[in-house]
Amino acid sequence: MSVEFQANLFDVATAPEVGSLAPTRRTTLPRGAWVDVRPNWITGADEVFARLVSDVPWRAERREMWDQVVDVPRLLHTYAAREALPHPTLVEAREALSRHYLPELEEPFVSAGCCYYRDGSDSVAWHGDTIGRGRHEDTMVAIVSFGDPRRLALRPRGGGESISFTMGHGDLLVMGGSCQRTWEHCVPKTAQAGPRISVQFRPLNVF
């Protein structure tokens, strides 16, 4: 698979580099949840983006919704624990996250879920990662974004005022504490957006 994107949106001709997590900014949310944000965590990420587009075995899914079967509005692939990742920068990123968050998480990140948003009409609806241990336990989901900026919104489960973060090329966002079971998140549709890939690192048995 190949895709054209505006090179001036990204870091041109720079080798990928995973930055420090020391300046990560934490936003504390009600109900024991929190969100960490580290803008521009991976620099020179053009090569990573291009490799993900071409080498990940993307699949389209269909699911039942409102009494009909519809296309899932994004492409997907998940690398399970011990599966080789498609770029060494992702391995370095996962290891850095595991080291940094080990005192809180008490276990490493092991899987990498990938979502390919081809344009602004691709999206993901409100949900929490509650298939598995996230339904009953505090956990973390670390998201690295590559490509065009997209907004990730969060709202309290059951209703309430939402907040949002715009994730750009190489940005990191980590949802922690009770976030998966007490909050929901989504990537809404937008009128104009270029291609974007989201890589979600998770601990074992969190989906």
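Since every read-out is calculated from the coordinates, none of them should be taken as a lab result. Here the structure is a predicted model, which is why all the values come from computation and not from measurement. With ideal geometry, Cβ positions are generated from the backbone for all residues, glycine too; neighbour counts draw on all protein chains shown.
Between 126, 142, 194, the Cα set farthest toward the positive side of the dipole of the chain (charges on each charged residue's Cβ, about the Cα centre) is that of 126. If only the Cβ of Lys and Arg carry +1 and only the Cβ of Asp and Glu carry -1, the dipole of the chain around its Cα centre is close to 480 debye. For the peptides 108-114, 52-58, the ranking by packing is 108-114, 52-58, with the highest mean count of neighbouring Cβ atoms within 10 Å listed first. For the chain, the relative contact order works out to 26 percent when only alpha carbon pairs closer than 8 Å and six or more residues apart are counted.
Mean separation of Cα pairs under 8 Å and 6+ residues apart, divided by the residue count of the stretch 88-204: what relative contact order is that in percent?
Relative contact order for the stretch 88-204 comes out at 40 percent.
One entry in (i) 0.97; (ii) 1.34; (iii) 1.44 is Cα Rg over 2.2 N^0.38 Å calculated from the shown coordinates; its label is (i). With K and R counted +1 and D and E -1, the other residues having a Cβ less than 12 Å from that of residue 117 yield a net charge of +3.
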